[in-house]
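Read-outs: derived from the displayed coordinates by stated rules, not from any lab. This one's a predicted model, so the numbers in the text were calculated from it and none came from an experiment. Note that each Cβ is placed from the backbone with ideal geometry, even for glycine, and that neighbours are counted across all protein chains shown.
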Amino acid sequence: MVLWTSLLAIAGLASSARALIRFPCSQLVTERFDPLVTPGVVSPHLHQIIGGNAFNLTMDPSLDLPNLATCTTCRFKENKSNYWTAVMYFKHPNGSYIRVPQIENAFVGLPHGGMTVYYIQPPTNEKVTAFPKGFRMITGDPMRRSRPALDPTSPEAWSLTFRCWESKDFGDPSNSFPPGGGPYDTFELPKKKCPGGIRSNTFFPSCWDGKNTDTPDHSSHVSFMQGTVNPNAGIILMDGACPSTHPVRIPMVFLETVWDTPKFHDVWPTDGSQPLVLSMGDPTGFGHHGDYLFGWEGDALQRAMDNCVDIFGQPETCRDQGGLTLQTDEEMNSCSKSVQVEEVTEGTYLKELPGCNPVQYGPASATLIPDSQCAAVSTTIPLAIATAT
């Protein structure tokens, strides 16, 4: 959690900031599934998934996720949405790979890994419209291996970053700037040891065309707000305007993932090389991306946006003001799914990354390895698994 007093002061929003909700979600499953980009087949790379247990290989927009899910890994019981991002690996000097564990964020309790989720409103009285049934979107591009050619002052250019914590102390200066802003965040993976670990910051667009719940590229129906970013404040509480093509203000979904990289400092390379790699074979971090699939019950999210007016985002406030139901850590952590792709992805050093993902440094975009050249578990999944619930 950021130091909100500093954040508000930096952003100049102490008197105008409206509201957000902030809550943990423990890990549901780690799997090579991506029902948005590769529905019906095993994804080329590994994802860590949180949220409702209706998550599956194929998720038709017509599905009633809140009723299909019997539990959720998120703090609010009404939130059966799913969120997923790539997994981080550490490359040992001997060339093998091991998953970097995810650990809990500050002030969220004791979830099992997972992420911290934010739904952020603009610091104005502008109406925020909750997502409709069937809504989904992505942010970022897993094939990138260089910083995209965007206006460096635009919100989109600041939407995907990494925070290098200089200490595990919550009061450390490296935790005193908003996520995505300040001198401790980078657009690429940090190129040094981070004594407090690394936090991934994943922002989604906050403007919608008001018509499409999805598009073939899973991104054209949404847009980042417009405006000039304050480098010290980032976009978390930025008062930007939606473009005319996407006039409907939706909650800005933001994910924080904390990676326990100090666990590997004793075997960190001594030649100055950067040993971290994302699961799609990305050692740069520019392929950092995230997926969102809406699944809140009824009008629960709209109630939260209308009534949870706590700038600190504490779940208890939304319980009292928005009528939402809180789960305990034990309830969140007990919700999980069994892995359906029979392959080893974590807990031991691996000869290669799961799937067919050679490390590709760029700066050109990465390329996929054809299935015919892939010795990993097939990316064509049996129908029995594809239709399992």
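List of remarks:
- Rounded to the nearest Hz, the phi-derived 3J(HN,Hα) couplings of region 226-238 under the Karplus curve 6.51 cos²θ - 1.76 cosθ + 1.60 (θ = phi - 60°) are 9, x, 9, 7, 7, x, 7, 10, x, 10, 4, 10, 6, where x marks glycine and proline.
- Across the options A54, A19, N230, the greatest Cα extent toward the positive end of the charge dipole of the chain (unit charges at beta carbon of Lys, Arg, Asp, Glu) belongs to N230.
- Summing Lys and Arg as +1 and Asp and Glu as -1 over all other residues whose Cβ lies under 11 Å from the Cβ of Y184 gives a net charge of -1.
- For the chain, the dipole from Cβ point charges (+1 on Lys and Arg, -1 on Asp and Glu) about the Cα centre works out to 360 debye, to the nearest 20.
- Amide H to amide H, with H built 1.01 Å from N, S81 comes under 5 Å of G52, G295, W296, counting only residues 5 or more places away or on other chains.
- Relative contact order %, the chain, counting alpha carbon pairs below 8 Å whose residues are six or more apart: 28 percent
- Neighbour cut-off at most 11 other Cβ (10 Å), DSSP loop, GluC sites (Glu not before Pro), region 307-373: E342
- Charge sum, other residues only, whose C-beta stays under 9 Å from H218's C-beta, Lys/Arg counted +1 and Asp/Glu -1: -2
- Cβ-derived FRET efficiency at R0 30 Å, L326 paired with L368, nearest 0.05: 0.10
- Footprinting exposure proxy for D239, D151 (fewest neighbouring C-beta atoms within 10 Å first): D151, D239
- For peptides 77-85, 138-146, sequence by mean Cβ density within 10 Å, most packed first: 77-85, 138-146
- Amide H contacts of G234 (H built 1.01 Å from N, under 5 Å, at least 5 apart or other chain): G182
- Approximate spin-label separation K192-T245, in nm, with each point projected 7 Å along Cα-to-Cβ: 4.0 nm
- Within the set (1) 45.7; (2) 20.6; (3) 17.8, the number that mean projected area of the Cα convex hull in nm² takes when calculated for this structure is listed as (3).
- GNM top mover of D306, D209, D169 - the chain, alpha-carbon springs below 10 Å: D169
- Over the chain, DSSP H runs of length four or greater, each weighted -39,500 (n - 2.57), average out per residue to a 222 nm ellipticity of -2500 deg cm²/dmol.
- Integer Hz, Karplus 6.51/-1.76/1.60 couplings in order for region 260-273, x for Gly and Pro: 8, 5, x, 4, 10, 5, 5, 10, 5, x, 9, 8, x, 6
- Pairs of Lys residues in the chain are counted when their Cα atoms are under 21 angstrom apart and they lie 8 or more places apart or on different chains; the count is 19.
- Computed lengthening from D209 to N125, 0.36 nm per intervening residue step minus Cα-Cα distance: 28.2 nm
- Gyration tensor verdict on region 162-229 (Cα atoms; rounded if a/c is under 1.5, prolate if a/b is larger than b/c, oblate otherwise): prolate
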